[in-house]
Amino acid sequence: MTHTQAPYSNARRDFLLAAAGTLAAALLSGCSRAIKGQAVPAGSVVLALGDSLTQGVGATSPEHAWPAVLERISGWRMVSGGVSGDTSSMALARLPALLAAHNPQLVIVSIGGNDFLHQQSGNATRENIRTIIRRCQAAGAQVLLVAEPQPSIAAALGHLSDHPMFEEIAQEMRVPLLAGAWSDILSEEKLRSDRIHANDAGYEQFAHALLQEAQRAGLAP
């Protein structure tokens, strides 16, 4: 009797643990999606802080990069602070000058992908992003965080998913999160210029997804 019950018991335990993990993730996701900000009026300066995806590598022209598209559809005055190859530490180093020069009301933070590509410390990346958020808030800007895909075997096959640290940081720091956008876009060959960059259609889709998230979070009308 003992030998026949053990496999069933173990399987049931594993099922319950998996279900509990899924429920916890769902609850955490729901908490972050309940975070609300204050509306940023049309004409306000909004800083996009990021790497090559923010710079618009893969677009046919700068007008097709997502900050330019977002400016057209939101009415915000976008400042593109995207630098190809930037890691979170590099973006953090550039941030004070950008904040001083532009005094943005909102900063959209989309950084971390190059940290993952170069296998930098996850703890360091996490702390850099936390510090970016704190410095933006100390300068009087609201923050909208963007989740970046995590490296994995599935990602190498073209099926990307967000790195879980972004959901965790958004919840901890109480900032809205745009989840799934880059993972979805870079999983679709028709929306990519290469494995890690979008094309014009991909950047267009990202800008609309970002505006929808900003509206849901109360940051845009």
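Return the Rg/Rh ratio of region 47-101 with Cα-based radii and a Kirkwood Rh. Mind showing how you got there, number by number?
Numbers: Rg = 11.3 Å, Rh = 11.5 Å.
Using Cα coordinates only, the ratio equals 0.99.
Share of region 180-221's accessible area from carbon and sulfur, percent, 1.4 Å?
In region 180-221, the share of accessible area belonging to carbon and sulfur is 49 percent.
Using a 1.4 Å probe on the protein heavy atoms, what percent of the accessible area of region 54-122 belongs to carbon and sulfur? Don't skip to the answer; put the middle values down first.
Values: 1600 of 3020 Å².
Carbon with sulfur: 53 percent of the solvent-accessible area.
Among R216, R77, what's the order by accessible area (1.4 angstrom probe), most exposed first?
Heavy-atom accessible area, descending, gives R77, R216.
Could you report region 172-221's accessible area per residue, 1.4 Å probe, as an integer in Å²?
Roughly 43 Å² per residue, with all protein chains present.
Expected output is a single nm value to one decimal: the length gained when fully extending between T131 and A101, i.e. 0.36 nm times separation in residues minus the C-alpha distance. What is it?
Here the segment from T131 to A101 would lengthen by 8.9 nm.
On a full-extension model of 0.36 nm per residue, what is the gain between E172 and R195, subtracting their alpha-carbon distance, rounded to one decimal in nm?
5.2 nm
If all Cα-Cα distances of region 67-221 are sorted into 10 Å bins from 0 onward, what percent lands in each bin, rounded to whole numbers?
Values per bin, smallest distances first: 11, 41, 40, 9, 0.
Quick one: compute the contact order of region 29-117, relative version, from alpha carbon pairs under 8 angstrom and 6+ residues apart, as a percent. Let's see the in-between values first.
Values: 136 pairs, mean separation 34.6, N = 89.
Computed value for region 29-117: 39 percent relative contact order.
Could you order D86, D184, D162, D194 so the one with the most accessible surface comes first? Probe is 1.4 Å.
Largest accessible area first, the list is D184, D194, D162, D86.
Counting only residues 5 or more places away or on other chains, whose amide H sits under 5 Å from the amide H of S44 once H atoms are built in the peptide plane?
R77
In whole Hz, with x marking every Gly and Pro, tabulate ³J(HN,Hα) for region 141-146 from phi via Karplus 6.51 cos²θ - 1.76 cosθ + 1.60, θ = phi - 60°.
After applying 6.51 cos²θ - 1.76 cosθ + 1.60, I find 9, 7, 10, 10, 8, 10 Hz.
How many Å² of accessible area per residue for region 40-93, probe 1.4 Å? Working shown, then result.
Values: 1960 Å² over 54 residues.
Roughly 36 Å² per residue, with all protein chains present.
The values are calculated or read from the model by the stated rules, or taken from the named source; none is laboratory data. Since this is a predicted model, take the numbers as computed values, not measurements. Side chains included, ligands, DNA and RNA excluded: accessible areas come from the protein's heavy atoms. Shrake-Rupley method; radii C 1.70, N 1.55, O 1.52, S 1.80 Å.
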